[in-house]
Amino acid sequence: MNSNIETRGVLLPRLVNVEFPGIVRNVEKLIDTFGGMNFLTKTYNHESARLELRFRPNDCHSHSTFGDRVSTNNLLVKCVKKRRVDKQGNVSFVYETRVVGIIDTTYRFQSMVDFQYLPMARKQQCDETKPRYESIIDKILPVNPFSLPNRSFNADAPLFILPTIFSRFDSPSDYFYRNDPKYKDKSLVEEVERQKMSSVIGINRRSRSSVACLLNWNDETPTEPAVSVIENASKFHPSEKIAEEVKQCFEQRPIWSRNALMYKLKCSRPDLKYILPCIAYYFANGPFRCMWIRFGYDPRNDKSSKVYQTLDFRVKHAYAKSNSSEKILAKRSIYQYQLPLKKNDFEKCRNRYRASVIQHDSFFPNSAQSSAENERLTEEKLLASFSFRPGLMPAYRQLFYQLCDIEVDDVQKLVHANDGSEPDFCDEKDGWCLPGTIEQIRSIMSTIVDEMLEKETRNDVNKESSDDDLSDDEYLEYIS
């Protein structure tokens, strides 16, 4: 992106606006509340990150508040008031305005900013109309408790009891409550209800699939989406072009995985978030679980749907596979966890990402385009997330493949081994395949992954050894 915009011959800079929830008297201290200019730049470069604000940056007990990133089309106008006195002594005022820049990105703090729970106590001797408080952190947390006599804590320490639980979010959200699933046993339902009554917090969390049509294996096939699903999708205005392309894909093929659609249509996951529930449903269990199925189509009655069955493939842990933790990453890691309140809603900030550096004077960004090599690697990783073939390393340690996307001759022979003689009823475990077929396919795929990992490890070792064998003269010639 161009850092400046030309308007009627005038070059206007692009600016970033921060609506600070307070009175600003010192700009340097203001920037310190955001962690400094480097942290501001890091936050701006992340499309879904929220701007963290600490009113007391040096206090480790200060609770942060977060600002949401929104796209704006505002102008920063400088207005100067000039006082003029004519010859008769009459005083008049003239106002001069000038456009300083264009504000296309704004951070707004609309969440709770007073969510604090600090270890403090009210002073005894103070004015009742103006109460004052003092910190008791040194009294409740000894500096070195093991140096005390008899290694005992101070019994006279003030009592400070924290709340049972804090909210993970700082803004209200809508909940889509659903009825209890019908497939549960009656005794199990009664036990769950009994535990809910005896639990203060609750044992269950809300299901993530709040708008999609989620079925169990013995449920009836829906013919159309619910009215609430369509109404919810209309609020977010999904792309009509992508919606039409998704419909055409389901007309050509009744069952798809989300990653396969993303690869075929060259779209992102949020693009399909509100489109798929309007076109397809999916099973929570059975041989077609986690795949999107066109409304009105029942794979349990169509033997030709065998090739679209789901195969849950998992790569074993690193202790069983040499260097597998380096070659094949996990989808989620506890070391990459980010609190929900630090992440902005993708729908609010999509198409606003610009890799840039915010300068000190005017939050002035410089754009940086992603290279073609990064795009190629991203596309290759997306292909490896739903398609399996020799030479293509799985994108993650756990993946859901469709049998038709496993491009291995031995696997396809097993899939089509009973063509024309499929069972009368679709089995909940093996589907339309012969019993034990899924386990045999997993064994073949594990062997192929083992060979790929072994080859990659051998190549890395050879590369390291060849680099170490170079003498100083050879190394200088090698890098010249």
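Quick notes on this structure:
- Filtering the range 89-110 to residues that are open to solvent by 70 Å² or more (accessible area, probe 1.4 Å) and under 16 Å from Val16 (Cβ atoms) leaves only Arg108.
- Residues of the range 233-266 classified as out of contact with any strand residue (DSSP E or B) (no Cβ under 7 Å at 6 or more places or on another chain) and open to solvent by 20 Å² or more (accessible area, probe 1.4 Å), total: 23
- Inspection of the range 56-64 finds no residue satisfying the criterion of being open to solvent by less than 80 Å² (accessible area, probe 1.4 Å) and either modelled with pLDDT of 90 or more or on the phi > 0 side of the Ramachandran plot (or both).
- Single condition Gly420 does not satisfy, out of (1) closer than 16 Å to Lys264 by Cα; (2) open to solvent by 20 Å² or more (accessible area, probe 1.4 Å): (1)
- Answer residue from the range 379-395, given it is in a loop (DSSP other than H, G, I, E, B) and among the hydrophobic types (A, V, I, L, M, F, W, C) and is farthest from Thr447 (Cα to Cα) among those: Phe386
- Within the range 18-31, being exposed (fewer than 15 other Cβ atoms within 10 Å of the Cβ) and in a helix (DSSP H, G or I) holds for Val27, Glu28, Lys29, Leu30.
- Remark: Leu118 matches the filter, which requires a residue to be open to solvent by less than 60 Å² (accessible area, probe 1.4 Å) and part of a loop (DSSP other than H, G, I, E, B).
- Of residues in the range 280-298 being open to solvent by less than 20 Å² (accessible area, probe 1.4 Å) and of a type outside the set (Gly, Ala, Ser), the one nearest to Pro254 (Cα to Cα): Ile293
- Pairs meeting the criteria (first residue in the range 135-164 and farther than 24 Å from Gln124 by Cα, second residue modelled with pLDDT of 70 or more and hydroxyl-bearing (Ser, Thr, Tyr), beta carbons under 7 Å, at least 6 apart or on different chains) are Pro163/Tyr117.
The values are calculated or read from the model by the stated rules, or taken from the named source; none is laboratory data. Every value quoted in this text rests on a predicted model; they were computed, and no experiment measured them. Neighbour counts are summed over all protein chains in view; Cβ atoms, including those assigned to glycine, are modelled from backbone coordinates with ideal geometry. Ligands, DNA and RNA are excluded from the accessible area calculation, which covers all protein heavy atoms including side chains. Shrake-Rupley method; radii C 1.70, N 1.55, O 1.52, S 1.80 Å.
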